[in-house]
Amino acid sequence: MPIELKNVTKRFGQVEALKDVSITFEDGRMYGLLGNNGAGKSTLMNLFAGRIFPTEGEIRIDGERTDCDRALGKLFLMSEGNLFPEDMKVKTALGLAGGFYSGYDKAEAEALAQRFELNTKSKINKLSTGYGSIFKLVLALACNAPYLLLDEPVLGLDAQHREMFYKLLLEKYAANRCTVIFSTHLIYEAANLVEHAVVIRRGQVLKDAPVEELTAGAHTVSGPAAAVDEYLRGRTVLNETGIGGLKTAAVEGEPGQVPAGLEITGLNLQDYFIALMEKEDRT
């Protein structure tokens with residue numbers, strides 16, 4: 001069964017971080033949770049994990065509320081915060097994690113730590129930003145939870161370690177078919193991982209669809225400005241830029257018949273997201 005949100009609103013004082021959100025995250029899929037800073041992504045992740053509670057509405061994991069230990073035991077959230085004592089050694093933390101997750105594999109965690117060259121003798125608070133993220137990634141990958149939530153997981157990682165993580169995550173996903181909800185600002189890098197995108201803006205869901213459907217339902221058109229302007233009449237324009245007498249625009253919908261002199265290309269997930277945000281900025 002899935003993770004379900006029904007009419008969820010979360011307020012922090014006068015600030016409404018999430019507004020009447022209803023959405024379902026199905027089993028065995030890789031989700032990308034996309035949004036600008038302050039959109040509500042981290043709030044959503046923390047609600048899933050029972051670290052905070054909705055002001056209105058309810059959240060269920062496999063049909064059970066998130067105030068149930070059995071439901072929360074199925075879920076692992078990797079976020080910016082660290083739940084272990086800061087002066088604890090990495091090796092000790094890797095040994096204790098099994099007490100929280102029934103599927104945790106200590107041997108796998110130790111092997112991953114070695115592969116990432118994580119110093120297990122170091123105290124957690126002595127790790128660099130990148131290795132602090134690696135420590136949490138090791139726990140996430142070794143916990144073998146049915147629901148894996150990753151909030152900006154590659155923060156501070158260099159290109160080699162990011163690539164290593166993406167590969168390991170895909171291997172874990174292929175082997176276990178766990179549900180992964182992945183939030184990142186590095187959309188271009190993560191695009192090949194994500195099957196289904198949920199786009200959040202100002203606490204509300206703008207888009208909730210397979211990536212293929214989103215990107216196939218939009219395109220870019222470029223060419224002489226006058227010809228592009230004529231092509232755009234009556235179409236939903238996401239964004240447009242012009243240099244000299246040339247113009248490029250991102251457009252929702254199928255291209256249809258393309259006038260001579262214009263070039264049509266597809267949009268990747270990052271370009272689609274940026275164009276969508278620019279369109280929302282204008283409204």
With the cut-off at 18 Å, tell me which of the pairs K10/K136; K91/K123; K19/K74; K89/K126; K91/K136; K91/K126 have Cα atoms farther apart than that. K10/K136; K19/K74
Consider all pairwise Cα distances in the stretch 1-76 and report the whole-number % of them above 22 Å. 18 percent
Would you please give the FRET efficiency between Q14 and N119, computed as 1/(1 + (r/R0)^6) with r the Cβ-Cβ distance and R0 = 45 Å, to the nearest 0.05? 0.50
Highest GNM mean-square fluctuation, the chain, Cα pairs closer than 10 Å: which of L262, L137, L34? L262
Net lengthening on full extension, T241/A209 (0.36 nm per residue, minus Cα-Cα): 8.8 nm
Residue with peak Gaussian network fluctuation, the chain [Cα springs, cutoff 10 Å], from L168, L149, L75: L168
Rounded to the nearest 10 degrees, the helix 159-176 long axis (Cα) sits at an angle to the longest Cα principal axis of the chain of 80 degrees
Where in the stretch 36-65 is the amide nitrogen less than 16 Å from a point lying 7 Å along the Cα-to-Cβ axis of N7? 54-60
Ignoring everything except DSSP H segments at least 4 long, calculate the 222 nm mean residue ellipticity for the chain; use -39,500 (n - 2.57) per segment, divide by total residues, nearest 500. -9500 deg cm²/dmol
Among T236, G130, Y147 - extreme Cα towards positive end, dipole of the chain, charges at beta-carbon: G130
Given a 10 angstrom Cα cut-off, can you work out which residue in A159, A249, A142 is the most mobile in a GNM of the chain? A159
Express in % the proportion of alpha carbon pairs of the stretch 60-163 at distances exceeding 16 Å. 57 percent
Projected area, mean over directions - the chain, Cα convex hull, nm²: 17.2 nm²
Quick one: what are the phi-derived ³J(HN,Hα) couplings along the stretch 228-235, Karplus 6.51/-1.76/1.60 with θ = phi - 60°, whole Hz, x for glycine and proline? 5, 4, 5, 5, 7, 4, x, 9
For T184, the residues 5 or more places away or on another chain with a placed amide H closer than 5 Å to its own amide H are L33, E152
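Every number in this text was worked out from the coordinates using simple rules, so none of it is lab data. From a predicted model like this one, the values you see are computed outputs, not experimental measurements. Neighbour counts run over all protein chains shown; Cβ positions are idealised from the backbone, glycine included.
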